[in-house]
Ligand SMILES: Cc1ncc(COP(=O)(O)O)c(C=O)c1O
(Lines give C-alpha, C1' and ligand atoms only; values in the text may rest on other atoms or scores of the structure.)
Protein backbone atom coordinates (compact mmCIF):
# COMPACT_ATOMS: atom_id res chain seq x y z
CA UNK A 1 0.00 0.00 0.00
CA UNK A 2 2.81 2.42 0.81
CA UNK A 3 5.53 3.97 -1.30
CA UNK A 4 9.08 2.57 -1.04
CA UNK A 5 10.22 6.16 -0.50
CA UNK A 6 8.89 6.07 3.06
CA UNK A 7 10.16 3.01 4.92
CA UNK A 8 8.78 2.64 8.45
CA UNK A 9 10.84 4.32 11.15
CA UNK A 10 12.86 1.63 12.91
CA UNK A 11 14.06 1.82 16.46
CA UNK A 12 17.75 1.14 17.07
CA UNK A 13 19.85 0.16 20.07
CA UNK A 14 20.90 3.75 20.83
CA UNK A 15 17.29 5.02 20.71
CA UNK A 16 16.24 2.18 23.00
CA UNK A 17 19.02 3.03 25.49
CA UNK A 18 17.87 6.69 25.51
CA UNK A 19 14.26 5.59 26.09
CA UNK A 20 15.35 3.38 29.03
CA UNK A 21 17.12 6.32 30.73
CA UNK A 22 14.19 8.66 30.07
CA UNK A 23 11.87 6.08 31.61
CA UNK A 24 13.85 6.27 34.86
CA UNK A 25 13.29 10.05 34.92
CA UNK A 26 17.03 10.70 35.11
CA UNK A 27 18.43 13.58 33.07
CA UNK A 28 20.78 13.03 30.12
CA UNK A 29 23.40 15.64 29.23
CA UNK A 30 22.81 16.19 25.54
CA UNK A 31 26.00 16.70 23.54
CA UNK A 32 24.08 16.21 20.30
CA UNK A 33 21.94 19.34 20.64
CA UNK A 34 21.48 21.25 17.40
CA UNK A 35 18.52 23.42 18.35
CA UNK A 36 19.73 26.95 19.15
CA UNK A 37 16.42 27.83 20.81
CA UNK A 38 17.05 25.24 23.57
CA UNK A 39 20.54 26.09 24.79
CA UNK A 40 19.99 29.15 27.00
CA UNK A 41 20.83 31.86 24.47
CA UNK A 42 19.20 35.23 24.94
CA UNK A 43 17.03 36.38 22.06
CA UNK A 44 15.87 40.04 21.90
CA UNK A 45 12.51 40.67 23.54
CA UNK A 46 9.69 41.10 21.02
CA UNK A 47 11.93 39.69 18.29
CA UNK A 48 9.00 38.04 16.55
CA UNK A 49 6.73 41.09 16.64
CA UNK A 50 7.31 41.87 12.93
CA UNK A 51 5.53 38.58 12.16
CA UNK A 52 2.32 40.29 13.25
CA UNK A 53 2.54 43.20 10.81
CA UNK A 54 -0.86 44.15 9.41
CA UNK A 55 0.66 44.38 5.91
CA UNK A 56 0.72 40.57 6.01
CA UNK A 57 -3.08 40.50 5.95
CA UNK A 58 -2.85 40.94 2.19
CA UNK A 59 -1.90 37.86 0.12
CA UNK A 60 0.01 38.33 -3.13
CA UNK A 61 1.06 34.84 -4.26
CA UNK A 62 4.62 34.95 -5.64
CA UNK A 63 6.36 31.67 -6.59
CA UNK A 64 9.89 32.92 -5.81
CA UNK A 65 8.80 35.02 -2.84
CA UNK A 66 7.53 38.57 -2.56
CA UNK A 67 9.88 41.27 -3.85
CA UNK A 68 10.49 42.67 -0.34
CA UNK A 69 11.73 39.28 0.90
CA UNK A 70 14.00 38.65 -2.09
CA UNK A 71 15.44 42.14 -1.75
CA UNK A 72 15.96 41.76 2.01
CA UNK A 73 17.84 38.48 1.55
CA UNK A 74 19.95 40.00 -1.26
CA UNK A 75 20.74 43.03 0.94
CA UNK A 76 21.72 40.82 3.89
CA UNK A 77 24.00 38.71 1.70
CA UNK A 78 25.53 41.74 0.01
CA UNK A 79 26.40 42.96 3.51
CA UNK A 80 28.27 39.67 3.95
CA UNK A 81 30.20 40.19 0.72
CA UNK A 82 28.03 37.99 -1.52
CA UNK A 83 27.14 39.96 -4.65
CA UNK A 84 23.71 38.68 -5.58
CA UNK A 85 20.76 40.51 -7.10
CA UNK A 86 17.22 40.00 -5.82
CA UNK A 87 16.07 38.43 -9.10
CA UNK A 88 18.48 35.54 -8.46
CA UNK A 89 17.08 34.91 -4.96
CA UNK A 90 14.32 32.32 -4.44
CA UNK A 91 12.67 32.26 -1.05
CA UNK A 92 11.73 28.83 0.34
CA UNK A 93 10.35 27.47 3.60
CA UNK A 94 13.67 25.91 4.69
CA UNK A 95 16.92 24.53 3.37
CA UNK A 96 15.42 21.04 3.40
CA UNK A 97 12.64 22.31 1.17
CA UNK A 98 15.22 23.98 -1.09
CA UNK A 99 16.83 20.57 -1.66
CA UNK A 100 13.46 19.06 -2.49
CA UNK A 101 12.59 21.80 -5.00
CA UNK A 102 15.99 21.41 -6.68
CA UNK A 103 15.75 17.60 -6.86
CA UNK A 104 12.38 18.06 -8.60
CA UNK A 105 13.94 20.54 -11.01
CA UNK A 106 17.03 18.49 -11.85
CA UNK A 107 16.23 14.80 -11.40
CA UNK A 108 13.98 12.13 -12.78
CA UNK A 109 13.20 9.19 -10.50
CA UNK A 110 16.35 7.11 -9.81
CA UNK A 111 18.74 9.82 -11.03
CA UNK A 112 21.81 10.38 -8.86
CA UNK A 113 23.01 13.30 -6.83
CA UNK A 114 26.57 13.15 -5.53
CA UNK A 115 26.86 13.79 -1.81
CA UNK A 116 29.92 14.18 0.41
CA UNK A 117 30.69 11.45 2.92
CA UNK A 118 30.86 11.90 5.87
CA UNK A 119 28.09 14.46 5.94
CA UNK A 120 24.65 15.41 7.02
CA UNK A 121 22.49 12.25 7.62
CA UNK A 122 19.28 13.89 6.41
CA UNK A 123 20.49 13.53 2.79
CA UNK A 124 19.51 9.88 2.86
CA UNK A 125 15.88 10.85 3.56
CA UNK A 126 15.74 14.02 1.49
CA UNK A 127 16.90 12.18 -1.61
CA UNK A 128 14.76 9.11 -1.06
CA UNK A 129 11.62 11.21 -0.48
CA UNK A 130 12.11 12.71 -3.94
CA UNK A 131 12.82 9.36 -5.58
CA UNK A 132 16.48 10.30 -6.08
CA UNK A 133 19.59 8.28 -5.22
CA UNK A 134 22.40 9.71 -3.09
CA UNK A 135 25.76 8.51 -4.38
CA UNK A 136 28.74 9.26 -2.14
CA UNK A 137 32.06 10.90 -2.88
CA UNK A 138 34.68 10.87 -0.14
CA UNK A 139 36.02 13.48 2.19
CA UNK A 140 39.23 12.26 3.82
CA UNK A 141 41.06 13.50 6.85
CA UNK A 142 44.79 14.12 6.49
CA UNK A 143 45.29 16.67 9.27
CA UNK A 144 42.43 18.55 7.61
CA UNK A 145 39.45 17.33 5.62
CA UNK A 146 40.06 17.05 1.88
CA UNK A 147 37.75 16.27 -0.99
CA UNK A 148 38.90 13.10 -2.76
CA UNK A 149 38.57 14.17 -6.39
CA UNK A 150 39.14 10.66 -7.75
CA UNK A 151 36.13 9.43 -5.81
CA UNK A 152 34.09 12.37 -7.12
CA UNK A 153 35.07 11.57 -10.70
CA UNK A 154 34.24 7.88 -10.17
CA UNK A 155 30.78 8.88 -8.91
CA UNK A 156 29.97 10.81 -12.10
CA UNK A 157 27.81 8.20 -13.81
CA UNK A 158 25.44 8.87 -16.74
CA UNK A 159 22.47 9.34 -14.39
CA UNK A 160 24.26 11.85 -12.15
CA UNK A 161 22.54 15.25 -12.18
CA UNK A 162 24.12 17.34 -9.43
CA UNK A 163 27.10 17.61 -7.10
CA UNK A 164 26.17 18.60 -3.56
CA UNK A 165 28.70 20.57 -1.54
CA UNK A 166 28.20 21.29 2.13
CA UNK A 167 30.42 24.27 2.74
CA UNK A 168 31.28 24.23 5.60
CA UNK A 169 30.35 20.60 6.04
CA UNK A 170 28.32 19.14 8.88
CA UNK A 171 29.73 17.51 11.02
CA UNK A 172 33.36 17.71 9.85
CA UNK A 173 33.32 21.53 10.00
CA UNK A 174 35.48 21.70 6.88
CA UNK A 175 35.35 24.37 4.18
CA UNK A 176 35.78 23.42 0.53
CA UNK A 177 39.22 24.79 -0.48
CA UNK A 178 39.50 27.07 -3.51
CA UNK A 179 41.39 24.47 -5.58
CA UNK A 180 38.74 21.84 -4.68
CA UNK A 181 35.98 24.24 -5.66
CA UNK A 182 37.69 24.92 -8.99
CA UNK A 183 37.93 21.17 -9.65
CA UNK A 184 34.25 20.66 -8.76
CA UNK A 185 33.21 23.55 -11.03
CA UNK A 186 35.25 22.13 -13.87
CA UNK A 187 33.79 18.61 -13.37
CA UNK A 188 30.24 19.98 -13.18
CA UNK A 189 30.59 22.07 -16.32
CA UNK A 190 32.23 19.20 -18.27
CA UNK A 191 29.50 16.68 -17.37
CA UNK A 192 26.56 19.13 -17.38
CA UNK A 193 25.91 18.67 -13.69
CA UNK A 194 24.47 21.35 -11.45
CA UNK A 195 26.22 22.28 -8.20
CA UNK A 196 24.15 22.65 -5.04
CA UNK A 197 26.20 24.38 -2.36
CA UNK A 198 24.75 24.28 1.16
CA UNK A 199 26.32 27.20 3.02
CA UNK A 200 24.03 27.34 6.03
CA UNK A 201 26.91 27.18 8.52
CA UNK A 202 29.23 29.67 6.89
CA UNK A 203 28.34 32.38 9.41
CA UNK A 204 30.03 30.28 12.10
CA UNK A 205 33.75 30.10 11.34
CA UNK A 206 35.73 28.92 14.38
CA UNK A 207 38.73 30.96 13.29
CA UNK A 208 38.92 34.35 11.61
CA UNK A 209 38.53 33.84 7.91
CA UNK A 210 39.67 35.84 4.92
CA UNK A 211 36.60 37.52 3.38
CA UNK A 212 35.33 36.35 0.00
CA UNK A 213 34.73 32.66 0.68
CA UNK A 214 30.95 32.82 0.99
CA UNK A 215 28.66 32.59 -2.00
CA UNK A 216 31.60 31.90 -4.31
CA UNK A 217 29.35 30.12 -6.81
CA UNK A 218 26.84 32.93 -7.23
CA UNK A 219 28.95 34.53 -9.97
CA UNK A 220 29.80 31.20 -11.64
CA UNK A 221 30.00 31.39 -15.46
CA UNK A 222 30.26 27.75 -16.61
CA UNK A 223 28.12 25.48 -14.39
CA UNK A 224 24.56 25.97 -13.14
CA UNK A 225 24.77 26.62 -9.39
CA UNK A 226 22.40 26.85 -6.45
CA UNK A 227 23.65 28.25 -3.15
CA UNK A 228 21.52 27.49 -0.09
CA UNK A 229 21.06 29.31 3.20
CA UNK A 230 18.33 30.22 5.62
CA UNK A 231 17.11 31.68 8.88
CA UNK A 232 17.56 28.44 10.79
CA UNK A 233 21.31 29.12 11.02
CA UNK A 234 21.78 32.71 9.77
CA UNK A 235 19.32 34.01 12.37
CA UNK A 236 19.29 31.00 14.75
CA UNK A 237 15.53 30.77 14.13
CA UNK A 238 14.79 27.25 12.84
CA UNK A 239 11.14 27.53 13.90
CA UNK A 240 10.45 30.60 11.77
CA UNK A 241 10.89 28.60 8.54
CA UNK A 242 12.50 30.61 5.78
CA UNK A 243 15.34 29.58 3.50
CA UNK A 244 16.77 30.78 0.22
CA UNK A 245 18.28 29.53 -3.01
CA UNK A 246 20.70 31.76 -4.95
CA UNK A 247 20.83 30.83 -8.62
CA UNK A 248 24.06 31.27 -10.59
CA UNK A 249 25.59 30.11 -13.84
CA UNK A 250 25.54 30.91 -17.56
CA UNK A 251 22.67 33.26 -18.41
CA UNK A 252 20.80 30.91 -20.78
CA UNK A 253 20.97 27.98 -18.35
CA UNK A 254 19.85 30.19 -15.47
CA UNK A 255 16.87 31.40 -17.49
CA UNK A 256 15.86 27.84 -18.37
CA UNK A 257 16.24 26.75 -14.75
CA UNK A 258 14.20 29.67 -13.41
CA UNK A 259 11.37 29.07 -15.88
CA UNK A 260 11.04 25.50 -14.58
CA UNK A 261 11.61 26.29 -10.91
CA UNK A 262 8.84 28.84 -11.09
CA UNK A 263 6.39 26.06 -11.90
CA UNK A 264 7.68 23.93 -9.00
CA UNK A 265 7.49 26.80 -6.51
CA UNK A 266 4.11 27.96 -7.83
CA UNK A 267 2.68 24.49 -7.18
CA UNK A 268 3.35 24.82 -3.45
CA UNK A 269 3.63 28.53 -2.56
CA UNK A 270 4.85 27.27 0.81
CA UNK A 271 6.41 30.34 2.39
CA UNK A 272 4.09 32.29 4.66
CA UNK A 273 3.64 35.99 3.91
CA UNK A 274 4.33 37.23 7.50
CA UNK A 275 7.82 35.70 7.58
CA UNK A 276 8.60 37.00 4.09
CA UNK A 277 7.74 40.53 5.14
CA UNK A 278 9.73 40.18 8.37
CA UNK A 279 12.87 38.49 7.07
CA UNK A 280 15.02 41.63 6.74
CA UNK A 281 14.21 42.79 10.26
CA UNK A 282 14.71 39.30 11.69
CA UNK A 283 18.16 39.00 10.10
CA UNK A 284 19.10 42.41 11.43
CA UNK A 285 17.82 41.87 14.97
CA UNK A 286 19.31 38.41 15.41
CA UNK A 287 22.87 39.62 14.71
CA UNK A 288 23.61 39.62 18.47
CA UNK A 289 22.25 36.05 18.82
CA UNK A 290 24.51 34.87 16.00
CA UNK A 291 27.42 36.61 17.76
CA UNK A 292 26.56 34.81 21.01
CA UNK A 293 26.57 31.46 19.22
CA UNK A 294 29.83 32.28 17.48
CA UNK A 295 31.47 33.12 20.81
CA UNK A 296 30.00 30.04 22.44
CA UNK A 297 31.07 27.50 19.82
CA UNK A 298 34.56 29.00 19.75
CA UNK A 299 34.82 28.85 23.56
CA UNK A 300 33.50 25.28 23.69
CA UNK A 301 35.85 24.21 20.91
CA UNK A 302 38.80 25.67 22.89
CA UNK A 303 37.56 23.88 26.05
CA UNK A 304 37.24 20.60 24.17
CA UNK A 305 40.74 20.85 22.76
CA UNK A 306 42.23 21.64 26.13
CA UNK A 307 40.33 18.79 27.85
CA UNK A 308 41.39 16.29 25.20
CA UNK A 309 45.06 17.05 25.91
CA UNK A 310 44.57 15.25 29.23
CA UNK A 311 43.45 12.08 27.39
CA UNK A 312 46.32 11.03 25.12
CA UNK A 313 44.27 8.19 23.56
CA UNK A 314 41.78 10.74 22.16
CA UNK A 315 42.18 13.55 19.64
CA UNK A 316 40.07 16.39 18.24
CA UNK A 317 39.99 16.61 14.45
CA UNK A 318 40.71 20.05 13.03
CA UNK A 319 37.43 21.93 12.70
CA UNK A 320 37.08 25.16 10.74
CA UNK A 321 33.42 26.08 11.24
CA UNK A 322 29.96 25.07 12.35
CA UNK A 323 28.37 23.80 15.54
CA UNK A 324 30.10 20.42 15.92
CA UNK A 325 33.49 18.89 16.58
CA UNK A 326 34.73 15.40 15.86
CA UNK A 327 36.69 13.48 18.47
CA UNK A 328 38.67 10.40 17.54
CA UNK A 329 38.59 7.79 20.30
CA UNK A 330 40.25 4.37 20.67
CA UNK A 331 38.54 1.77 18.47
CA UNK A 332 38.81 -0.85 21.20
CA UNK A 333 35.04 -1.38 21.01
CA UNK A 334 32.37 -0.33 18.56
CA UNK A 335 31.11 3.24 18.47
CA UNK A 336 27.64 1.91 19.20
CA UNK A 337 28.77 0.03 22.34
CA UNK A 338 30.61 3.13 23.58
CA UNK A 339 27.66 5.47 22.91
CA UNK A 340 25.28 3.12 24.74
CA UNK A 341 27.68 2.87 27.67
CA UNK A 342 27.86 6.66 27.79
CA UNK A 343 24.07 6.88 27.87
CA UNK A 344 23.50 4.18 30.46
CA UNK A 345 26.49 4.67 32.75
CA UNK A 346 27.53 8.29 32.29
CA UNK A 347 24.20 9.87 31.35
CA UNK A 348 25.69 11.66 28.35
CA UNK A 349 24.42 11.56 24.80
CA UNK A 350 26.83 11.93 21.85
CA UNK A 351 26.52 11.00 18.19
CA UNK A 352 28.56 8.05 16.92
CA UNK A 353 30.57 8.69 13.73
CA UNK A 354 28.63 5.99 11.83
CA UNK A 355 25.56 8.20 12.06
CA UNK A 356 27.33 10.49 9.56
CA UNK A 357 28.89 7.64 7.55
CA UNK A 358 32.46 8.06 8.68
CA UNK A 359 34.45 5.52 6.67
CA UNK A 360 35.81 3.78 9.76
CA UNK A 361 35.54 3.75 13.55
CA UNK A 362 35.91 5.21 16.13
CA UNK A 363 34.69 8.81 16.12
CA UNK A 364 32.25 10.75 18.26
CA UNK A 365 30.53 13.93 17.12
CA UNK A 366 30.09 16.51 19.85
CA UNK A 367 27.85 19.57 19.66
CA UNK A 368 29.53 22.86 20.54
CA UNK A 369 26.19 24.55 21.24
CA UNK A 370 25.55 23.63 24.91
CA UNK A 371 25.94 26.32 27.56
CA UNK A 372 29.54 26.19 28.89
CA UNK A 373 28.23 25.17 32.33
CA UNK A 374 26.90 21.91 30.86
CA UNK A 375 29.74 21.27 28.42
CA UNK A 376 33.07 20.62 30.19
CA UNK A 377 31.66 18.12 32.73
CA UNK A 378 29.85 15.87 30.24
CA UNK A 379 32.77 16.06 27.79
CA UNK A 380 35.15 14.94 30.54
CA UNK A 381 32.89 11.95 31.26
CA UNK A 382 32.92 11.07 27.57
CA UNK A 383 36.71 11.25 27.31
CA UNK A 384 37.18 9.28 30.53
CA UNK A 385 34.88 6.45 29.38
CA UNK A 386 36.35 6.42 25.85
CA UNK A 387 39.90 6.15 27.23
CA UNK A 388 39.13 3.13 29.46
C1 LIG B 1 24.16 21.13 6.54
C2 LIG B 1 22.72 21.43 6.82
N3 LIG B 1 21.92 21.85 5.83
C4 LIG B 1 20.62 22.12 6.04
C5 LIG B 1 20.06 21.99 7.29
C6 LIG B 1 18.59 22.25 7.47
O7 LIG B 1 18.30 23.59 7.47
P8 LIG B 1 16.77 24.06 7.53
O9 LIG B 1 16.41 24.13 8.97
O10 LIG B 1 16.84 25.43 6.88
O11 LIG B 1 15.97 23.10 6.74
C12 LIG B 1 20.85 21.55 8.34
C13 LIG B 1 20.26 21.40 9.69
O14 LIG B 1 20.91 21.18 10.67
C15 LIG B 1 22.20 21.26 8.11
O16 LIG B 1 22.99 20.79 9.09
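For the reader, a short list of remarks on this structure follows.
- For segment 330-343, a tally of residues being in contact with a strand residue (DSSP E or B) (Cβ under 6 Å, 6 or more places away or on another chain) and closer than 24 Å to residue 142 by Cβ returns 1.
- Cβ-Cβ distances below 8 Å connect no pair with a first residue in segment 226-249 that is in the same structural domain as residue 37 (by TED's automatic domain parsing), a second residue that is more than 11 Å from the ligand (Cβ to nearest atom), and a separation of six or more residues or different chains.
- Across segment 150-161, not a single residue is classified as within 16 Å of the ligand (Cβ to nearest atom) and over 12 Å from the mean Cα position of the chain (by Cα).
- Tallying residues that are out of contact with any helix residue (DSSP H, G or I) (no Cβ under 8 Å at 6 or more places or on another chain) and either under 20 Å from residue 266 (Cα atoms) or touching a residue at least 40 places away in the same chain (Cβ under 8 Å) (or both) within segment 103-116 yields 6.
- Some residue of segment 363-377 being in contact with a helix residue (DSSP H, G or I) (Cβ under 6 Å, 6 or more places away or on another chain), at pLDDT 95 or above, surrounded by fewer than 22 Cβ atoms within 10 Å (Cβ to Cβ) and farther than 18 Å from residue 301 by Cα: no
- Looking only at segment 221-255, and only at residues there that are surrounded by fewer than 17 Cβ atoms within 10 Å (Cβ to Cβ) and within 20 Å of residue 277 (Cβ to Cβ), the one that is farthest from the ligand (Cβ to nearest atom): 239
- Looking only at segment 187-205, and only at residues there that are part of a loop (DSSP other than H, G, I, E, B) and over 19 Å from residue 154 (Cβ atoms), the one that is nearest to the ligand (Cβ to nearest atom): 200
- Segment 248-293, subset in a helix (DSSP H, G or I) and touching a strand residue (DSSP E or B) at 6+ places or on another chain (Cβ under 8 Å), residue nearest to residue 60 (Cα to Cα): 276
- You will find that of 73, 84, the residue that is in contact with a strand residue (DSSP E or B) (Cβ under 9 Å, 6 or more places away or on another chain), in the same structural domain as residue 169 (by TED's automatic domain parsing) and within 15 Å of the ligand (Cβ to nearest atom) is 73 and no other.
- Any hit, segment 235-247, residues being modelled with pLDDT under 95 and assigned to a loop (DSSP other than H, G, I, E, B): no
- Residues satisfying the stated conditions in segment 104-125, i.e. in contact with a strand residue (DSSP E or B) (Cβ under 7 Å, 6 or more places away or on another chain) and within 16 Å of the ligand (Cβ to nearest atom): 113, 114, 115, 116, 117, 118, 119, 120, 123, 124
- One residue alone among 304, 277, 261, 282 is within 21 Å of the chain's Cα centre (by Cα), more than 17 Å from residue 174 (Cα to Cα) and surrounded by 17 or more Cβ atoms within 10 Å (Cβ to Cβ), and that residue is 282.
- Any hit, segment 8-31, residues being over 18 Å from residue 285 (Cβ atoms), modelled with pLDDT of 95 or more, within 16 Å of the ligand (Cβ to nearest atom) and assigned by TED's automatic domain parsing to the domain that holds residue 334: yes
- Among the candidates 271, 297, 329, 264, residue that is within 14 Å of the ligand (Cβ to nearest atom) and over 21 Å from residue 201 (Cβ atoms): 271
- Selection status of residue 359, surrounded by 16 or more Cβ atoms within 10 Å (Cβ to Cβ) and not assigned by TED's automatic domain parsing to the domain that holds residue 147: no
- Within segment 205-247, the set of residues being touching a helix residue (DSSP H, G or I) at 6+ places or on another chain (Cβ under 6 Å) and closer than 19 Å to residue 369 by Cα comprises 206, 230, 235, 236, 237, 238.
The values are calculated or read from the model by the stated rules, or taken from the named source; none is laboratory data. For clarity, every value in this text was computed on a predicted model and none was experimentally measured. Ideal geometry is used to build each Cβ from the backbone, glycine not excepted, and the neighbour counts take in all protein chains shown.
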